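The structure appears right after this line, and notes come after that.
Throughout, read-outs are computed from the coordinates displayed, never taken from laboratory work. The structure presented is a predicted model; accordingly, all values stated were derived computationally and were not measured. With ideal geometry, Cβ positions are generated from the backbone for all residues, glycine too; neighbour counts draw on all protein chains shown.
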Amino acid sequence: MNSTEQALKVLKLFLTEMKTWEDYWRELQYANLEVDYTKEQKQEIDAIYEKYVTVRERKWGKQVSLSTRYPSTFTPDGKIISCELSTNNKKILIEIHKKFDTGVEYEYRYTLIFKNKEWRVDRREMLDYDGKWSKDSL
C-alpha cells in the first residue's frame, strides 16, 4: 500500500468512527433529553482522537463541544476529489465532496500528517460559498 492509499484508509476509518459516534449520540440525546451523557461522550471521542488525530491542543471542535449535527458531516462515503501528497511524503491534502439527501452539498479538505510511521488527521477545512477554504471543526 502506498502513502496515499495509507492516508486515505486512515481518513476513511476516522470518518466512519466519527459518523458512528455523532449519529449514536445525537439519537440517544434526543431520546433522553434529561440525561447528561457528557462523560461517556468524552471518553468515546477521546478514544477516536487518540487513534486517528494529531496530538495538540484544540480549543474548539467536537472533542471540546461534544456537539452533533444532522446529517453528520463526517462522510466516509463522500467522493474523493483530489489527493495532494507533499514532495517529502509527510503531508497530504484530501478533498472530499458530499451531497446529502437534503440537497445540501459540502466540500471538505482534510490535512493528514505522517509522523512516527503513521498518518494522523490534523485539520479539516470547508469550502465557503465564495470559493475560499475556512477552518472547520474536527
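Helix 3-31 and the longest principal axis of the C-alpha atoms of the chain enclose an angle of approximately 10°. Just for the chain, what percent of DSSP beta bridges are antiparallel, to the closest 5? Of the beta bridges lying entirely in the chain, close to 95 percent run antiparallel. The gain in end-to-end length when the Trp133 to Thr87 segment is fully stretched comes to 14.4 nm, 0.36 nm per residue minus the alpha carbon separation.
Any chance you could run the full-extension gain for Gln43 through Gln63? It's 0.36 nm times the residue separation minus the Cα-Cα distance, nm to one decimal.
Working: separation 20, 0.36 × 20 = 7.20 nm, distance 0.97 nm.
Gain on extension, Gln43 to Gln63, equals 6.2 nm.
How tilted is helix 38-52 with respect to the longest principal axis of the chain? Cα atoms for both, answer in degrees (0 to 90, nearest 10). The two axes meet at around 10 degrees. Put +1 on the Cβ of each Lys and Arg and -1 on the Cβ of each Asp and Glu in the chain; which of Phe114, Asn88, Leu127 then has its Cα farthest toward the positive end of the dipole? So the residue we want is Asn88.
Stretched out straight at 0.36 nm per residue, the stretch from Tyr30 to Met126 would grow longer than its current Cα-Cα span by 31.9 nm.
What does the charge count around Tyr129 come to, taking other residues whose C-beta lies under 13 Å from its C-beta (Lys +1, Arg +1, Asp -1, Glu -1)?
Details: positive: Lys132; negative: Glu105, Glu107, Asp128, Asp130.
With Lys, Arg at +1 and Asp, Glu at -1, the net is -3.
Separation of the range 32-59 from the range 106-130 is 19 Å, based on Cα centroids.
Please report Rg over Rh for the range 20-138, where both radii come from the alpha carbon positions and Rh follows the Kirkwood definition.
On the way: Rg = 15.6 Å, Rh = 15.8 Å.
My calculation puts Rg/Rh at 0.99.
Each Lys and Arg Cβ is given +1 and each Asp and Glu Cβ -1; about its Cα centre, the chain then shows a dipole of about 620 debye.
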